[in-house]
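In what follows, a structure is listed as structure tokens, so that the remarks can point back to it.
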Amino acid sequence: MDSLLLIIGFACMITGVFGSFLPVLPGPGISWIGLALLYFTSAVPANYWILGITFLITVVILVLDYIIPAKGAKKFGGSSYGIWGTNIGLIVGIIAPIPFGFIIGPFVGAFVGELIHDSKDHNRALKAATGSFIGFLASSFMKFVLCMMYLGLYVWIVWQNKSELF
């Protein structure tokens, strides 16, 4: 059973890292679940301080994930159309076989979304798309760093308890 929890926990960690860039997956939440699964093994003693602190950090980051792109778009004069366009553009950019689609997609999506909102003001749409894109990058980077820290913590805990786990 410990091996299964270890494998599922590691899979959650990797999924969380990818989820830090995909808007459909809550990367930090999935990574935290992987960390929690590690503590469900009989070989690793439960540490409620680590689980509690990492859970609190995860909740704060998940809340900020919704606030940062919106603030970036609003600061640059954007609307909710630009934010939706950013998310749709990201998904299309990941699926489309173009190089760096996950970077180009959110910007183009935000630009198109702002043009749908107001088709006459191209400069405002470009400025809002830039703000939405910067907010998306900041939020994704923040989630990526957190997921990598959780992955490092996971590996460190496994390393510390390797004699009991393997």
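Look at Thr130 and say whether it is β-branched (Val, Ile, Thr) and under 22 Å from Gly27 (Cα atoms). Talk me through it step by step, then tell me what you get.
Values: β-branched (Val, Ile, Thr): yes; under 22 Å from Gly27 (Cα atoms): no.
When the stated conditions are applied, Thr130 does not pass them.
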Could you check Ser31 against (1) under 12 Å from the mean Cα position of the chain (by Cα); (2) part of a helix (DSSP H, G or I); (3) modelled with pLDDT under 90; (4) not aromatic (Phe, Trp, Tyr) and say which number it fails? (3)
Of (1) in contact (Cβ under 8 Å) with a residue 24 or more places away in the chain; (2) outside any helix (DSSP H, G or I); (3) surrounded by fewer than 18 Cβ atoms within 10 Å (Cβ to Cβ), Leu25 satisfies every one except (1)
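Among residues belonging to the range 135-166 that are closer than 14 Å to Ile103 by Cα and out of contact with any Phe, Trp or Tyr (no Cβ under 8 Å at 6 or more places or on another chain), point out the one that is surrounded by the fewest Cβ atoms within 10 Å (Cβ to Cβ).
Of all residues in the range 135-166, those closer than 14 Å to Ile103 by Cα come to 135-141.
The next check asks that each one be out of contact with any Phe, Trp or Tyr (no Cβ under 8 Å at 6 or more places or on another chain); those that pass are 135-139, 141.
On the way: Gly135: 26, Phe136: 28, Leu137: 17, Ala138: 15, Ser139: 23, Phe141: 13.
The qualifying residue surrounded by the fewest Cβ atoms within 10 Å (Cβ to Cβ) is Phe141.
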On the basis of being within 29 Å of Ile57 (Cβ to Cβ), among the hydrophobic types (A, V, I, L, M, F, W, C) and either crowded, with 22+ Cβ neighbours inside 10 Å or in contact with a helix residue (DSSP H, G or I) (Cβ under 6 Å, 6 or more places away or on another chain) (or both), does Ala128 make the cut? no
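The values are calculated or read from the model by the stated rules, or taken from the named source; none is laboratory data. None of these values were measured; they are calculated from a predicted model. We place every Cβ from the backbone using ideal geometry, glycine too, and count neighbours over all the protein chains shown.
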